[in-house]
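The values are calculated or read from the model by the stated rules, or taken from the named source; none is laboratory data. If you're wondering where the values come from, they're calculated on a predicted model, not measured in any experiment. Every residue, glycine as well, gets a Cβ built from its backbone with ideal geometry; the counts of neighbours run over all protein chains shown.
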């Protein structure tokens, strides 16, 4: 790996990662919290802020850890936390964050605590690990024998790097702290704009599918408080009365292949935020297993559990043959009563989302059953009016989507710039004469120069 540091200053010394830490100690999950002073925060991988390289403990998990374990594993400010188990194809295991908390805490057994050795700055090391992660060095030490990735920490910490002295480490860390804080603020600003744009889209959809295109048409109370008044000539009915066939649960099968000659097996994780299938998560199901669950043009899939409960997807034939998994519910519209696109727009409205919240059963995870979905209300204009509403919303959401895409590209470019700046500074230091350029749409370039 020393080749990654070929442009580093000559005075930077080679060192193995294991020499930068005092230990790599696995965490402990402990026991159920007892509600007393002996309960401590247990940091999970889900608490990792992978952008800020710190922890997000707004809603910490508390566990009871016996004193014998607690004394050995208590976290100290300045410790590095290494993700040892977890990850996935798009987010491999091996992320590192810096612990800066003051409250008593341990890390879970999926994480290792790495106290930093003398002569090394914890912030600099955190940036170094972030650069190695970006460059894919961690992938060389990943072992995967089951469905979960495990990092061979001994192999990973045997990697050779080149390091400046402590004073220069601190200078580089100070510089990166300042510049990444600026970039984070730029990203936050753009994400706030994205949130406002999304809210404008949902508000416009809600107004249109609950009120129609003619604001002057006579109105009446819908009989449903969250729908309010609807045009007087509209009906308000239940989803179970606009379906063709049963509200059907999907196949209870594990995804077992990626044969593109077989039907695609659509799962909740395959659905993106814009009503399309992710191109990078293709899994298939053998034809005999898929046949009872094959989708038809215009079918609506509703997520019935977890964080995505209520999320809706409208299947289109041009996406290829597909079936669907058990955590989804298929609603096949009766086209004599409701257009698939009108129904799909309604699932994006505030009224529909409100009913999801009212109907969610919270057990271990949030859940809305097919039966409950069937009892959801829907305002139903005549088919001709549905066609006009769909045409209007298609044009409106197309313009909104173009704006969202531009903002998303800017956020992506800012993330890329941030990662490139970190990689450059920890592999080349101040000798870098040509820092990566910040995209013009995101702000002015930042010059990498010593303080």
The condition from (1) crowded, with 16+ Cβ neighbours inside 10 Å; (2) touching a helix residue (DSSP H, G or I) at 6+ places or on another chain (Cβ under 7 Å); (3) over 23 Å from residue 180 (Cβ atoms) that residue 119 misses is numbered (1)
Scanning region 338-347 for residues that are surrounded by 20 or more Cβ atoms within 10 Å (Cβ to Cβ) and not in a helix (DSSP H, G or I), the one nearest to the chain's Cα centre (by Cα) turns out to be 347
Within region 54-85, the residues that are in contact (Cβ under 8 Å) with a residue 60 or more places away in the chain and surrounded by fewer than 21 Cβ atoms within 10 Å (Cβ to Cβ) are 85
If we ask which residues in region 245-280 are closer than 18 Å to residue 340 by Cα and touching a helix residue (DSSP H, G or I) at 6+ places or on another chain (Cβ under 6 Å), their number turns out to be 2
Of the residues in region 4-22, those that are part of a loop (DSSP other than H, G, I, E, B) and either without any contact (Cβ under 8 Å) to a residue 24 or more places away in the chain or in contact with a strand residue (DSSP E or B) (Cβ under 8 Å, 6 or more places away or on another chain) (or both) come to 6, 8, 10, 12, 22
**Asked** Quick one: would you say residue 22 is at pLDDT 90 or above, closer than 22 Å to residue 152 by Cβ and surrounded by fewer than 16 Cβ atoms within 10 Å (Cβ to Cβ)?
**Response** yes
Of the candidates 245, 257, the one satisfying the condition of being touching a residue at least 12 places away in the same chain (Cβ under 8 Å) and farther than 30 Å from residue 382 by Cα is 257
Among 317, 330, the single one that is touching a residue at least 24 places away in the same chain (Cβ under 8 Å) and either exposed (fewer than 14 other Cβ atoms within 10 Å of the Cβ) or more than 21 Å from the chain's Cα centre (by Cα) (or both) is 330
Note to self: Take residue 207 and tell me if it is part of a helix (DSSP H, G or I) and at pLDDT 90 or above.
What the structure shows: yes
A careful count of residues in region 126-146 that are assigned to a loop (DSSP other than H, G, I, E, B) and at negative phi gives 4
Does residue 254 fit the bill of being crowded, with 19+ Cβ neighbours inside 10 Å and at negative phi? no
Restricted to region 357-373 and to residues being touching a residue at least 24 places away in the same chain (Cβ under 8 Å) and in contact with a helix residue (DSSP H, G or I) (Cβ under 9 Å, 6 or more places away or on another chain), the residue farthest from residue 247 (Cα to Cα) is 365
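Listed here are the residues, each with its yes/no results for (1) within 27 Å of the chain's Cα centre (by Cα); (2) assigned to a helix (DSSP H, G or I); (3) modelled with pLDDT under 95.
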| residue | (1), (2), (3) |
| --- | --- |
| 386 | no, yes, no |
| 394 | yes, yes, no |
| 402 | yes, yes, yes |
| 416 | yes, yes, yes |
| 426 | no, yes, no |
| 438 | yes, no, yes |
| 441 | yes, yes, yes |
| 450 | no, no, yes |
Quick count over region 36-45, residues being surrounded by fewer than 12 Cβ atoms within 10 Å (Cβ to Cβ) and in contact with a strand residue (DSSP E or B) (Cβ under 9 Å, 6 or more places away or on another chain), is 1
Exception for residue 127 within (1) free of Cβ contacts under 8 Å to residues at least 60 places away in the same chain; (2) within 21 Å of residue 2 (Cα to Cα) falls at (1)
Tell me yes or no: at least one residue of region 180-196 is buried (at least 19 other Cβ atoms within 10 Å of the Cβ) and under 21 Å from residue 16 (Cβ atoms). no
Quick count over region 143-169, residues being surrounded by fewer than 17 Cβ atoms within 10 Å (Cβ to Cβ) and either within 30 Å of the chain's Cα centre (by Cα) or under 24 Å from residue 94 (Cα atoms) (or both), is 11
Taking residue 123 as the residue in question, decide whether it is assigned to a helix (DSSP H, G or I) and touching a strand residue (DSSP E or B) at 6+ places or on another chain (Cβ under 7 Å). yes
Restricting attention to region 349-360, the residues that are crowded, with 21+ Cβ neighbours inside 10 Å and in a loop (DSSP other than H, G, I, E, B) number exactly 1
Apart from one, (1) at pLDDT 90 or above; (2) surrounded by 15 or more Cβ atoms within 10 Å (Cβ to Cβ); (3) over 23 Å from residue 429 (Cα atoms) all hold for residue 96; the odd one out is (3)
By my count, strands (runs of 3 or more DSSP E) wholly in region 239-337 with at least 2 residues that are under 30 Å from residue 386 (Cβ atoms), in contact with a strand residue (DSSP E or B) (Cβ under 7 Å, 6 or more places away or on another chain) and not assigned by TED's automatic domain parsing to the domain that holds residue 356 are none
Condition set over 20 Å from residue 222 (Cα atoms) and in contact with a helix residue (DSSP H, G or I) (Cβ under 8 Å, 6 or more places away or on another chain), scope region 388-399, selection surrounded by the most Cβ atoms within 10 Å (Cβ to Cβ): answer is 393
